[in-house]
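The values are calculated or read from the model by the stated rules, or taken from the named source; none is laboratory data. Nothing here was measured: the structure is a model prediction, and the numbers come from that model. All Cβ positions, glycine included, derive from the backbone under ideal geometry; neighbour counts span all protein chains shown.
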Amino acid sequence: MANVTIFGAGYVGVPTGAHFARTHQVTIYDPDTNKVENINKVIDNNADSLHIHEKGLIELLQENHENITATTDIKQALENPEIIFIAVGTPPNEKGRANLKYVCSAAEQIAKNIKNDCVVLNKSTVPPGTAYLVQEIINNNLKSDVKIAVGSCPEFLAEGTAVEDLRTPDRIVYGCDDKDAIEQITEFFLFLHGRSTLAPMTTLSAEVTKYAANALLATKISFMNSLAILCDAVGANIREVQEGVGKDTRVGRKFLNASMGYGGSCFPKDTSAIAEYGQLFNSPLEIIESTILVNNKTTDYFSKKISEAFGGDLVGKNFIIWGIGFKARTDDLRESKPVQVARELMDQGAYVHIYDTVRGALENFENENPSYKGKYSIYHEQYEMVNGNIDGLIIGNEHEKFRNPDVNKLDSMRGKHIFDGKNILNNYLIKSLKSKGFNYKSVGKDTVANPVNKTRLIDFLKHEYMD
Ligand SMILES: NC(=O)c1ccc[n+]([C@@H]2O[C@H](COP(=O)([O-])OP(=O)(O)OC[C@H]3O[C@@H](n4cnc5c(N)ncnc54)[C@H](O)[C@@H]3O)[C@@H](O)[C@H]2O)c1
């Protein structure tokens, strides 16, 4: 059992702390009093909600209550840690670069308060080289005669499945140029995971691996999204194309789902950050730059479909959005595509009624969109607002409650329009909606509801492909 301290009580810090507490002694440090009180109340069994929504997290904290505490007291946090994980935010600035101010201030706090040798690992997603900067800040600010080795341990969890992702990772990437430190980190992880999951490497390789993984996954999505737009244009079905491509084991099925674009706190931020980093290093990453362009274009494409269904005039139209979190089962709205679409509709004069299965997502929407007050309402029961005033339903994320809507209940809508931003309705349902007069629009599978225009394709080929 090792003593570990985690800087940052956010979407990464809390689940990571709870997971480590299965076999280690964990202290989570965050200057935010509310968050720290929140965590401690849950640990002491005096509360059943946290500032972040993550399945199984409360149970895990309570299960390991003897091994974990949270504090705002930096001295208590740095009493005797053997390993420190920095998991503070690295939000993008206006150029898309990761802002390192929280990481640097954590480094300074560590240096000024630490009294024993230890290893500091960056869990935050940062530009390659940041561990060296953290090492320099620590060395320059140390108050005690101790040895601190700094490395990188990027995080790959996904919100919504963080607890499970941490319990059963495909791999644990960590890098440090100090051999002793690598051995110490390996020992630490062997308490939690099998050796075959461990991927030790140099500091810089670990830092690049994080961006490489997210950028590649985002690229897969944008690649399929650009083909989805082509599928709509010719009359093919992107869901079928996904299956055909994904069954090739060299490619794999994951991250091929076309949709109105990827969102969330990581892909948009990390793709922009590594693209900008490549530019600054005179090594432009053109494929990743295109990935970002396609992502933005796909959201515009979806919003335009909605507006075109009403002849380009949304003034006075009423929409329902099911799912406002950037994906199902999260309250996180950072770079959420349904939020972007909602704002676009409101900007064009429409009124939106927003529902999500996670209450915190609705509360966050209200807190984060004060300038839209009066242009939307939030509600807590899926069909509550489905009535004769509604012109269209937008499916915002992939929660299973939205996969199989009650067609009879939808029948009361005055506008028979369904916009499936996640392509989740199945063909049978789409056809049954069509038979009831619904207009179904998606990103790449409109053909399920609309016959292929063969004559147009034949004429096109005759005109463009025959001399
Ligand atoms: N959210 C994800 O799904 C995810 C996944 C993998 C990696 N990451 C990366 O992990 C990092 C953290 O992300 P997050 O989503 O948990 O952020 P978050 O915004 O949810 O949490 C960051 C926390 O850090 C705290 N903080 C700021 N300065 C501090 C300091 N000096 N000392 C201690 N705490 C401090 C803040 O109060 C906040 O509670 C980011 O770099 C992010 O890119 C996030």
Failed item, numbered, when Leu190 is tested on (1) in contact with a Gly (Cβ under 6 Å, 6 or more places away or on another chain); (2) assigned by TED's automatic domain parsing to the domain that holds Gln25: (1)
Residue within the range 359-366 that is of a type in the set (S, T, N, Q), in contact (Cβ under 8 Å) with a residue 12 or more places away in the chain and in contact with an Asp or Glu (Cβ under 7 Å, 6 or more places away or on another chain) present: yes
Ser49, sole failed condition from (1) touching a helix residue (DSSP H, G or I) at 6+ places or on another chain (Cβ under 9 Å); (2) modelled with pLDDT of 95 or more; (3) hydroxyl-bearing (Ser, Thr, Tyr): (2)
Subset of the range 75-104 [of a type in the set (Lys, Arg) and at pLDDT below 95]: Lys95, Arg97
Test: residue in the range 299-308 that is part of a loop (DSSP other than H, G, I, E, B) and either more than 15 Å from the ligand (Cβ to nearest atom) or among the hydrophobic types (A, V, I, L, M, F, W, C) (or both): no
Within the range 94-116, tally of residues that are within 12 Å of the ligand (Cβ to nearest atom), assigned to a loop (DSSP other than H, G, I, E, B) and in contact with a helix residue (DSSP H, G or I) (Cβ under 8 Å, 6 or more places away or on another chain): 1
Unmet requirement for Glu384, which otherwise passes all of (1) within 16 Å of the ligand (Cβ to nearest atom); (2) over 21 Å from Tyr301 (Cβ atoms); (3) of a type in the set (Asp, Glu): (1)
Elements of type helices (runs of 4 or more DSSP H) contained in the range 1-93, each with 2 or more residues being within 13 Å of the ligand (Cβ to nearest atom) and in contact (Cβ under 8 Å) with a residue 12 or more places away in the chain: 13-20, 33-43, 74-77
The one condition in (1) surrounded by 15 or more Cβ atoms within 10 Å (Cβ to Cβ); (2) under 23 Å from Ala18 (Cα atoms); (3) not charged (D, E, K, R) that Leu204 fails to fulfil: (2)
Boolean, Glu344 is out of contact with any Phe, Trp or Tyr (no Cβ under 9 Å at 6 or more places or on another chain), more than 26 Å from Ala162 (Cβ to Cβ) and acidic (Asp, Glu): yes
Residue match in the range 451-466 (condition: closer than 24 Å to Lys317 by Cβ, in contact (Cβ under 8 Å) with a residue 24 or more places away in the chain and not aliphatic (A, V, I, L, M)): no
Matching entry among Val150, Val119, Val173, Val126 (being near the ligand (Cβ under 9 Å from one of its atoms), within 30 Å of the chain's Cα centre (by Cα) and either assigned to a loop (DSSP other than H, G, I, E, B) or under 27 Å from His193 (Cα atoms) (or both)): Val126
